[in-house]
Amino acid sequence: MSAPDDTGVRRANLREVAALAGVSVSTASRVLSGTYPIAEATRGRVVAAMRELGYSEARARRREATRTIGVIVPDVRSSLVSGVLGGIDAAAVEHGRISMIFPTEGDVDRERDIVRLVARQRELDAVVFVGGVYASADYADRLGDYATMLEEIDARLVMCARPGPVPADRALAAGYDNTGGAFAITSHLLSRGHTRVAWVGGVEEYSTTEGRIAGMRAALAAHGLDAAAVYTDPSPRRSRRSPAPDQAYAHTVALLREHPDVTAIVANSDFHALDVVRALTDAGLSVPEDMSVVGYDDDRVAQRLHPPLTTVHLPVFDLGWEAARLAVEKPLPGHAGSVVELGTHVVVRDSVAAPRR
């Protein structure tokens with residue numbers, strides 16, 4: 001039931017208007033916005049219900065300025081997440097919204113509880129999911145359930161920088177060419193003469209990792225080559241409060257022992273590259289003289305490594321901005337403008353050289 005206004009008179013809400021008109025809340029909202037094609041008969045029922053209940057369009061539009069964008073993230077400490085959050089917050093301010101951040105620590109049950117909680121807020125524009133996910137069919141079904149909850153209040157489900165199972169007809173998406181970036185950085189190594197290339201870092205079954213490995217393999221296959229070795233962490237399937245130890249350093253040590261003919265390493269991220277370079281240095285090897293190393297993300301650490309790291313630039317701020325824009329504009333999922341894919345590009349620095357052997 002809606003609350004009384006400043007005069008003490010109870011005002012109808014949009015859900016009550018929709019119920020009286022016999023339409024969904026989202027349809028009633030579209031009639032109010034005037035930005036979607038609606039059958040005249042349906043529009044007439046909604047307008048008649050608004051008049052009968054005394055629903056105030058002006059009041060609804062004043063409330064629009066206080067609407068919120070909920071943002072669900074696995075870990076606020078991630079450089080990707082922090083960059084995306086900067087873009088979301090900037091766009092939210094631009095559109096007169098506020099953003100609310102909900103870390104899940106990788107717990108899908110907590111994620112579900114958060115969606116249920118925020119779905120009760122009538123002023124919600126959207127819930128934005130940031131970052132990768134463990135790929136599974138049951139998780140795709142879960143996302144569909146989230147979309148249904150949000151549609152009931154005319155809010156949207158938005159995927160941001162999240163490769164993996166996305167219900168294209170239910171969600172909006174601001175993504176990037178995850179696989180293409182790995183294809184490009186591996187092709188750069190091949191152009192310098194490397195033919196024995198290994199992968200180090202990332203987590204098994206994680207959508208971001210899987211997409212990047214696929215890009216590396218595709219680039220090698222295009223030249224008639226196979227990956228010399230692929231080292232990823234076992235999927236921890238646990239809360240990030242007690243994460244599995246990062247194995248990038250240990251995997252690099254194993255790589256040197258098991259595949260001494262490798263001349264180049266593709267790291268899953270710039271932070272994985274940091275551990276790769278540390279392991280190589282401890283083994284008495286120089287980068288790039290003895291081993292070429294490339295990363296992914298173009299995080300600040302990439303420029304601070306010695307030597308500075310050749311990597312894939314990820315437009316994290318723009319991803320956040322586009323996700324927030326989609327949240328506010330709310331195009332229909334599966335229709336034109338509901339998916340934005342931003343490009344990536346290789347940033348060439350000093351960590352790649354032609355192989356000595």
State whether the residues of region 115-125 include one that is under 30 Å from VAL352 (Cβ atoms), of a type in the set (S, T, N, Q) and either assigned to a loop (DSSP other than H, G, I, E, B) or free of Cβ contacts under 8 Å to residues at least 60 places away in the same chain (or both). no
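Return the total of residues in region 138-196 being β-branched (Val, Ile, Thr), open to solvent by 40 Å² or more (accessible area, probe 1.4 Å) and modelled with pLDDT under 95. Break it down into steps so the answer makes sense when it comes.
Initially, region 138-196 is screened for residues β-branched (Val, Ile, Thr), giving 148, 153, 158, 166, 179, 185-186, 195.
Of the ones still in play, those that are also open to solvent by 40 Å² or more (accessible area, probe 1.4 Å) are 148, 166, 179, 195.
Those still in the list that are modelled with pLDDT under 95 too: 148, 166.
Summing the residues that are β-branched (Val, Ile, Thr), open to solvent by 40 Å² or more (accessible area, probe 1.4 Å) and modelled with pLDDT under 95 in region 138-196 gives 2.
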Filter region 198-214 down to residues that are buried (at least 24 other Cβ atoms within 10 Å of the Cβ), of a type outside the set (Phe, Trp, Tyr) and over 26 Å from PHE317 (Cβ atoms), then give me how many there are. 2
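Of everything in region 64-114 that's β-branched (Val, Ile, Thr) and in a helix (DSSP H, G or I), which residue is farthest from ASP141 (Cα to Cα)?
Residues of region 64-114 that are β-branched (Val, Ile, Thr), as a first pass: 66, 68-69, 71-73, 76, 81, 84, 88, 93, 98, 101, 104, 108, 114.
Now narrow it down to the ones that are in a helix (DSSP H, G or I): 81, 84, 88, 93, 108, 114.
Details: VAL81: 24, VAL84: 25, ILE88: 26, VAL93: 32, VAL108: 13, ILE114: 17 Å.
Once the filter is applied, the top-ranked residue is VAL93.
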Per the filter on region 321-341, residues open to solvent by less than 40 Å² (accessible area, probe 1.4 Å) and not in a helix (DSSP H, G or I) are LYS330, PRO331, PRO333, SER338, VAL340
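Under 15 Å from ILE88 (Cα atoms) and surrounded by fewer than 19 Cβ atoms within 10 Å (Cβ to Cβ): does that describe ASP350?
Details: under 15 Å from ILE88 (Cα atoms): no; surrounded by fewer than 19 Cβ atoms within 10 Å (Cβ to Cβ): yes.
Judged against the criteria, ASP350 is not a match.
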Kindly establish whether ASP107 is open to solvent by 30 Å² or more (accessible area, probe 1.4 Å) and either under 30 Å from VAL230 (Cβ atoms) or at pLDDT 95 or above (or both). yes
Name the single residue that is farthest from HIS95 (Cα to Cα) among those in region 281-320 being in contact with a strand residue (DSSP E or B) (Cβ under 7 Å, 6 or more places away or on another chain) and assigned to a helix (DSSP H, G or I). ALA302
Filtering region 260-275 down to residues that are of a type outside the set (A, V, I, L, M) and open to solvent by 50 Å² or more (accessible area, probe 1.4 Å), which residue is nearest to ARG212 (Cα to Cα)? PHE271
Return the pairs, sorted by first residue and then second, in which the second residue is of a type in the set (Val, Ile, Thr) and assigned to a helix (DSSP H, G or I), the first residue lies in region 179-201 and is over 14 Å from ALA221 (Cα atoms) and touching a residue at least 24 places away in the same chain (Cβ under 8 Å), the beta carbons are less than 6 Å apart, and the residues are 6+ apart or on different chains. TRP199/ILE213; VAL200/THR252; VAL200/VAL276
Considering every residue within region 122-132, establish whether at least one is under 23 Å from LEU332 (Cα atoms) and open to solvent by 40 Å² or more (accessible area, probe 1.4 Å). yes
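The values are calculated or read from the model by the stated rules, or taken from the named source; none is laboratory data. Note that the coordinates shown come from a computational prediction; the quantities given were computed from them, not determined experimentally. Ideal geometry is used to build each Cβ from the backbone, glycine not excepted, and the neighbour counts take in all protein chains shown. We work out accessible area using only protein heavy atoms, side chains counted, and drop any ligands, DNA or RNA first. Shrake-Rupley method; radii C 1.70, N 1.55, O 1.52, S 1.80 Å.
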